[in-house]
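Here the structure is laid out as structure tokens; the discussion comes afterwards.
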Amino acid sequence: MDGRAAAKDLELLRAHVAGDRDAFAELFHRHRDRLWAVALRTLGDREEAADALQDALLSAHRAAARFRGDSAVTTWLHRIVVNACLDRIRRRQAHPTVPLPDGNRADDGIGGLEPAAPATDHDTVLVVREALAALPLEQRAALVLVDVQGYPVAEVARILGVAEGTVKSRCARGRARLAVLLGHLRPAAVARPSARPDAAAPITGVPGVTPGNPGPVEGVGSGSGRYRRDANQEDT
């Protein structure tokens, strides 16, 4: 993100703290695609991702006045989203339930950012999601941010609040685990090109996120108090 974009984010956050009822919604719309993609990839379930993103936005909305400016606003937002996702995973592990089938519905999700996989690839996508879900939480979060979303290691370190060497170590261990879990896919798997120079050795078989051009999200505004959106609402 360039300096002007970062300055705009900070301006919007400060305006929200000062009482501007529209500033937080605008800030969210500037980053919604990537925040949603991170939540979806981390959780592997659209409804869970939508709930985690809602939780994160409520937390960010309430904590805005405590933002110290020791990182970029977008880094702060991503950290809150990742933490919300990891919290949901921990709760799910503590109270396991039977998951519902994850169908190829085109009318769910937040911004139509991940189209349903083609039928021929759907089984592979499910296997990859299951493999990611089998990783320890810290490794999964690092891999999603570095290999799937293409963030630089340095930025991921700031998002996760750890050293760069820790991010690299988590990614290396996660890739090693995935190599075992997904070894049977290797002949057909095609490595996803890294979006950043230091996102080396990306995991294979994970479809990319289509940026799209989603419309505004209803019910998200600093003064409305409505962040919840229906996971089945058609918006693409």
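The values are calculated or read from the model by the stated rules, or taken from the named source; none is laboratory data. Not measured: the values here are computed from a predicted model. Cβ placement follows ideal geometry from the backbone for every residue including glycine, while neighbour counts extend to all protein chains displayed. Surface areas here come from the heavy atoms of the whole protein model, side chains and all, with no ligands, DNA or RNA. Shrake-Rupley method; radii C 1.70, N 1.55, O 1.52, S 1.80 Å.
Is it the case that some residue within region 143-166 is β-branched (Val, Ile, Thr), modelled with pLDDT under 50 and either more than 17 Å from the chain's Cα centre (by Cα) or under 20 Å from Val81 (Cβ atoms) (or both)? Lay out the reasoning, then the answer.
Within region 143-166, the subset β-branched (Val, Ile, Thr) is 144, 146, 148, 153, 156, 159, 162, 166.
Still in the list and also modelled with pLDDT under 50: none.
Taking every residue of region 143-166 in turn, none turns out to be β-branched (Val, Ile, Thr), modelled with pLDDT under 50 and either more than 17 Å from the chain's Cα centre (by Cα) or under 20 Å from Val81 (Cβ atoms) (or both).
Confirm whether Asp87 is of a type in the set (Asp, Glu), at pLDDT 90 or above and open to solvent by 40 Å² or more (accessible area, probe 1.4 Å). Reasoning before the result, please.
Details: of a type in the set (Asp, Glu): yes; at pLDDT 90 or above: yes; open to solvent by 40 Å² or more (accessible area, probe 1.4 Å): yes.
The answer is yes for Asp87.
As an exercise: evaluate Asp51 against (1) open to solvent by 40 Å² or more (accessible area, probe 1.4 Å); (2) at pLDDT 95 or above and give the number of the one condition it does not meet.
(1)
Would you confirm whether or not region 215-232 contains a residue that is touching a helix residue (DSSP H, G or I) at 6+ places or on another chain (Cβ under 8 Å) and either at pLDDT 70 or above or under 16 Å from Gly44 (Cα atoms) (or both)?
Narrowing region 215-232 to residues touching a helix residue (DSSP H, G or I) at 6+ places or on another chain (Cβ under 8 Å): 216-217, 220-222, 227-229, 231.
Okay, now just the ones that are also either at pLDDT 70 or above or under 16 Å from Gly44 (Cα atoms) (or both), so 231.
Checked against the condition, which is being touching a helix residue (DSSP H, G or I) at 6+ places or on another chain (Cβ under 8 Å) and either at pLDDT 70 or above or under 16 Å from Gly44 (Cα atoms) (or both), region 215-232 yields at least one hit.
Which number in (1) polar (S, T, N, Q); (2) at pLDDT 95 or above; (3) under 22 Å from Pro152 (Cβ atoms) marks the one condition that Thr42 misses?
Of the numbered conditions (1) polar (S, T, N, Q); (2) at pLDDT 95 or above; (3) under 22 Å from Pro152 (Cβ atoms), the odd one out for Thr42 is (2).
Between Val17, Val38, Val73, which is over 27 Å from Gln139 (Cα atoms) and of a type in the set (Val, Ile, Thr)?
Working: Val38 fails: over 27 Å from Gln139 (Cα atoms); Val73 fails: over 27 Å from Gln139 (Cα atoms).
Just one listed residue meets the conditions, Val17.
Inspect all residues belonging to region 134-145 and state whether any of them is open to solvent by 20 Å² or more (accessible area, probe 1.4 Å), in a helix (DSSP H, G or I), farther than 19 Å from Trp36 by Cα and not charged (D, E, K, R).
no
I'm trying to understand the selection: among the residues of region 167-182, which are open to solvent by less than 80 Å² (accessible area, probe 1.4 Å) and basic (Lys, Arg)?
Of everything in region 167-182, those that are open to solvent by less than 80 Å² (accessible area, probe 1.4 Å) and basic (Lys, Arg) turn out to be Arg170, Arg175.
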